[in-house]
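This report refers to the structure that appears directly beneath it.
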Amino acid sequence: MVAMSSTKRSGFAGIEDTLRDFWATRPVRPRNGGKLGGVSAAIGLRYGVDPILVRVAFVLATVYGGAGLVLYLLGWLLFPREGDPVPGSTEPIRQPTSTRAAVVLVLLLIPGVFWLTTSPAIIGLAVGLGALYMLHRNYGEKGMALATAAPSTTRPVATPVGENTWVYPGGTSTDAPVGESSQQAPPTWDPLGAAPFAWDLPEPDEPEDAQPRRPRRRWISFVALAVAAFFAGLATTLGASLGTALAIALGVLGLGMVVGAFLRGGRGLIWAAVPVGALAMVLGASTGFSGDVGDVEIRPTSIENVAPRYQKSAGSIMLDLQDLRMADGQELRTGANVGIGDITVHAPPEADLQVRCLSELGSVNCLDVSADGSSVERSVVDNGADGPGGGRIVLDLVVGTGDVEVVRG
């Protein structure tokens with residue numbers, strides 16, 4: 001196995017050396033201790049990092065953009081798995097991923113790569129790869145020392161004893177007359193010397209002292225939860241949105257897990273961070289979250305009755321403009337935001353329309369121009385069956401998770 005050089009070269013040559021050394025000594029997925037594939041356990045064992053912290057990093061990177069899932073699948077595919085140790089050696093064989101598992105992982109990676117089209121996903125991928133590079137650059141040698149260090153299991157074997165060499169308990173073997181064979185005191189397992197014929201057997205293994213159990217530092221979890229709740233509540237009191245407050249709480253919980261990784265505590269915070277992160281992701285995708293929930297129908301008859309923008313956190317907005325009276329040359333600009341739900345607009349048959357429809361996750365049908373999926377957007381200009389002229393309506397419609405539809409009539 002290639003050892004990492006103690007002197008790091010600078011520039012591109014140093015980067016190339018680090019990458020080559022990483023590939024030659026990349027983490028090995030253990031047979032025991034891994035949850036799913038053993039990627040987090042492999043990284044933790046290789047670089048002396050708590051695997052819980054690695055798992056949290058993968059979860060957060062998956063929640064924000066999906067890069068964590070792609071990185072985990074790549075690690076599962078490229079990291080070798082632990083095999084049986086070589087006879088006479090304590091180091092296990094590094095076996096490649098099985099062919100069947102490799103095929104499944106490649107099939108999962110194909111759609112996963114297409115998810116990496118948003119800025120958070122690209123940033124998450126770059127941060128993840130950069131963190132792994134810095135881990136290997138700064139802790140590669142330390143991890144190798146931990147991995148290769150093996151405790152000595154050699155025990156002294158008692159010297160074979162011939163006949164008539166017994167010494168009464170309390171005596172010494174130096175009392176033997178000249179010319180006679182040296183005598184040996186009874187072993188510890190036979191203090192009375194009742195079985196001298198078996199003294200040539202090796203000493204039985206002594207029970208190892210149990211490692212002192214480190215006290216659980218549960219106060220880390222309680223303190224982190226209290227601080228997270230305090231700052232989230234303070235942000236809400238100062239007028240911040242619920243999504244911002246959850247993001248602040250998630251940051252405090254993440255900091256608590258980092259501190260706990262070094263102090264051997266705070267593992268329970270993961271059960272609080274996962275739902276908080278998932279809810280923050282949903283609210284982050286819900287553009288314009290305001291806390292207003294429900295369905296609303298608006299049927300204005302004049303431009304003065306139309307609001308500049310309608311907004312719902314969850315629910316639906318139906319805007320019916322068919323009875324709207326507009327003079328020739330008048331222009332109406334309005335829009336709608338829904339975090340989770342639908343937006344439907346019924347436009348007048350003769351009005352000139354300029355419409356933008358956007359759905360972060362769902363579908364749009366913008367004057368018969370349709371699309372569905374993630375971050376779908378369509379912009380349409382339509383002057384109606386009578387051509388340009390009359391009133392002009394400009395619509396900006398955005399949904400976080402749901403559908404947008406604009407029809408005439």
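Kindly evaluate A67 against the criterion of being modelled with pLDDT of 80 or more, small (G, A, S) and buried (at least 22 other Cβ atoms within 10 Å of the Cβ). Walk me through how you get there before you give the answer.
Numbers: modelled with pLDDT of 80 or more: yes; small (G, A, S): yes; buried (at least 22 other Cβ atoms within 10 Å of the Cβ): yes.
When the stated conditions are applied, A67 passes them.
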- Considering the stretch 320-341 alone, what residues qualify as being among the β-branched types (V, I, T) and modelled with pLDDT of 85 or more? T334, V338
- Message: Can you list residue pairs whose Cβ atoms sit under 7 Å apart, with the first residue in the stretch 370-390 being free of Cβ contacts under 8 Å to residues at least 40 places away in the same chain and the second being assigned to a loop (DSSP other than H, G, I, E, B)? Count only pairs 6 or more apart in sequence or on different chains.
- Response: V380/L367; D382/L367; G384/P349; G384/E350; G384/A351; A385/P349; D386/E350
- Task: Looking only at the stretch 309-319, decide whether some residue is outside any strand (DSSP E or B) and either at pLDDT 80 or above or surrounded by 18 or more Cβ atoms within 10 Å (Cβ to Cβ) (or both).
- Result: yes
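Do we have any residue at all in the stretch 294-303 that's out of contact with any Ser or Thr (no Cβ under 6 Å at 6 or more places or on another chain), in a helix (DSSP H, G or I), modelled with pLDDT of 75 or more and not assigned by TED's automatic domain parsing to the domain that holds L60? Reasoning before the result, please.
Our first condition is that a residue be out of contact with any Ser or Thr (no Cβ under 6 Å at 6 or more places or on another chain); within the stretch 294-303, this holds for 294, 296-303.
Remaining after also requiring in a helix (DSSP H, G or I): 303.
Filter once more, keeping what is modelled with pLDDT of 75 or more: 303.
The next check asks that each one be not assigned by TED's automatic domain parsing to the domain that holds L60; those that pass are 303.
The answer is yes, given that some residue of the stretch 294-303 is out of contact with any Ser or Thr (no Cβ under 6 Å at 6 or more places or on another chain), in a helix (DSSP H, G or I), modelled with pLDDT of 75 or more and not assigned by TED's automatic domain parsing to the domain that holds L60.
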- Message: Here's a check for you: in the stretch 220-254, which residue that is surrounded by 15 or more Cβ atoms within 10 Å (Cβ to Cβ) and of a type in the set (S, T, N, Q) is modelled with the highest pLDDT?
- Response: S221
- Item | Complete set of residues in the stretch 36-54 that are surrounded by fewer than 21 Cβ atoms within 10 Å (Cβ to Cβ) and not in a helix (DSSP H, G or I) | L36, G37, G48, V49, D50
- Would it be correct to say that I123 is at pLDDT below 80, β-branched (V, I, T), assigned by TED's automatic domain parsing to the domain that holds L253 and not in a helix (DSSP H, G or I)? no
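The values are calculated or read from the model by the stated rules, or taken from the named source; none is laboratory data. In this text, all values refer to a predicted model and were calculated from it rather than measured experimentally. Counting neighbours? That spans all protein chains shown, and the Cβs are built from the backbone with ideal geometry, glycine included.
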